[in-house]
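Okay, so here's the structure we're looking at.
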Amino acid sequence: MNVNGVAYRSIWPIGQQAVGIIDQTRLPYEFRTLELGEWRSVVAAISSMQVRGAPLIGVAAAYGIALAMNRDTADAGLELACRELLNSRPTAVNLRWAVQRIRARLSGLPAGDRLEAAWREADAIAQEDVAINRSIGSYGSALLAQLHARCQRPINVLTHCNAGWIATVDFGTALAPVYLAFDAGVPLHVWVDETRPRNQGLLTAWELAAHGVPHTLIADNAGGHLMQHGRVDIVLVGADRVGRRGDVCNKIGTYLKALAARESAVPFYAAVPSPTIDWQLADAISEAPIEERAASEIRIVHGLDRNGLPGSIEVAPPASAVANPAFDVTPARLVTGLITERGIVEPDELAGLFPEAAAIS
Ligand code: MRU
């Protein structure tokens, strides 16, 4: 995607010595890129959310293992890096998918061949991510075009968190249909949930503004009201882990949007790249690992002060306890459809679209 006229991906290899990333903790106030030369820096970048978004977390982990092979190609080195990367964040299943894939690729190789193979595999995972998102974009943009054809007016999309190009290698998942439909001339507007406490909605607004897509930033609690008043035509969100029955685990607050959508008969879609499907997960509500993040994310708000300088303030009463679950699960019964790289299906049809993966689970 373009940033100030320059084409960017959200992660890129620098030879076989380092990877470049965009520091998402500084956005949207500052566009800063970083060069990570050590695998432990990738672990830190994932847990601190300098890189975030399920697909990007997976790709970053793959490059993390490639960096680890620059230090130690022996089994011990490989296992240590896999273990620590896997522990960097618990919910996005893309992390496990990528680590397992690259570990399986390297384990069968002599140590001397692992470095080259690791970088090649990480690059392949990154390329596939872009191709998957492009395909999700084209299936989803057809859906938006149909909606427009039916409504015969600009359509209003509501999205939660950031599932845009910056949360993937490129194109995004839930935002890919928005970009492709907009570029194809479908008139649309996006309601963008702020998405407290980490405000990923500000990343979505930043992306949409850069692409010229009309959008409005809203408080997380405004969506239900807008749906009730017929001002939302479709809800489009991303996913961090989708169970084999089609339950969708995504950013905290997504479930509430699905409930409001059902109440107001608004279609609710999740964009789901196949690496985000957890075929071993039967009952996501009771089994999906939900990350609990630091209380400081709620206690402290970051932004720009009057002089336009980055700053932060404490907003919570110090005596109050704080809980910060970072994800929730929307049961399949509230999901109208899943937009995958192989097409759009109802939740209970997911296995039919990926028979080879469903068969081995
Ligand atoms: O905590 P985050 O910012 O990593 O959570 C991200 C989300 O919940 C996204 O919606 C999801 O990962 C899909 S990103 C294409």
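Under 5 Å from the amide H of VAL272 lie the amide H atoms of ILE339, THR340, each residue being 5 or more positions distant or on a separate chain, with H modelled from the backbone and absent for Pro and chain starts. Rounded to the nearest 20 debye, the dipole magnitude of the chain is 400 debye, with +1 charges on Lys and Arg beta carbons, -1 on Asp and Glu beta carbons, and the Cα centre as origin.
Between helix 75-86 and the chain, what is the angle of the helix's C-alpha long axis to the longest principal axis, kept within 0 to 90° and rounded to the nearest 10? So the helix axis and the longest Cα principal axis differ by about 20 degrees. I need the chymotrypsin sites (Phe, Trp or Tyr not before Pro) found in the stretch 6-45, filtered to DSSP loop residues with at most 16 other beta carbons within 10 Å of theirs. Passing sites in the stretch 6-45 are TYR29, PHE31.
With the largest listed first and rounded to whole Å, the semi-axes of the equivalent ellipsoid of the chain from the Cα gyration tensor are 31, 24, 20. Using C-alpha pairs under 8 Å with a sequence gap of at least 6, the mean separation divided by the residue count of the stretch 37-84 gives a relative contact order of 40 percent.
Placing unit charges on each Cβ (+1 for Lys and Arg, -1 for Asp and Glu) gives the stretch 28-142 a dipole about its Cα centre, and among VAL43, PRO90, LEU80 the Cα reaching farthest toward its positive end belongs to PRO90. For the stretch 1-88, a crude dipole built from +1 on the beta carbon of Lys and Arg and -1 on the beta carbon of Asp and Glu, taken about the Cα centre, is about 260 debye to the nearest 20. Among ASP193, ASP220, the order by Cβ neighbours within 10 angstrom, fewest to most, reads ASP220, ASP193. Compared with the dominant Cα axis of the chain, that is its longest principal axis, helix 111-151 is turned about 10°.
The trypsin sites (Lys or Arg not before Pro) of the stretch 233-310 that DSSP puts in a loop, and whose beta carbon has at most 14 other beta carbons within 10 Å, are ARG306. The Cα center of the stretch 322-344 and the Cα center of the stretch 116-184 differ in position by 16 Å. Legend: ranking of residues VAL169, VAL242 from fewest to most surrounding C-beta atoms inside 10 Å; resulting order VAL169, VAL242.
Between the stretch 16-70 and the stretch 262-311, the C-alpha centres lie 19 angstrom from each other.
The ranking of CYS161, CYS151 from fewest to most other beta carbons within 10 Å of each one's beta carbon is CYS151, CYS161. In a simple Cβ point-charge model (Lys, Arg +1; Asp, Glu -1; nothing else charged), the stretch 36-165 has a dipole of about 580 debye relative to its Cα centre.
Count Lys and Arg as plus one, Asp and Glu as minus one, and take only other residues whose Cβ is under 14 Å from that of TYR8; the net charge is then -1.
Read-outs throughout are calculated quantities, based only on the coordinates presented, and are distinct from any laboratory measurement. What you see is a predicted model; the values in this text were computed from it and never measured. Positions of Cβ are generated from backbone atoms using ideal geometry, with glycine treated the same way; all protein chains shown enter the neighbour counts.
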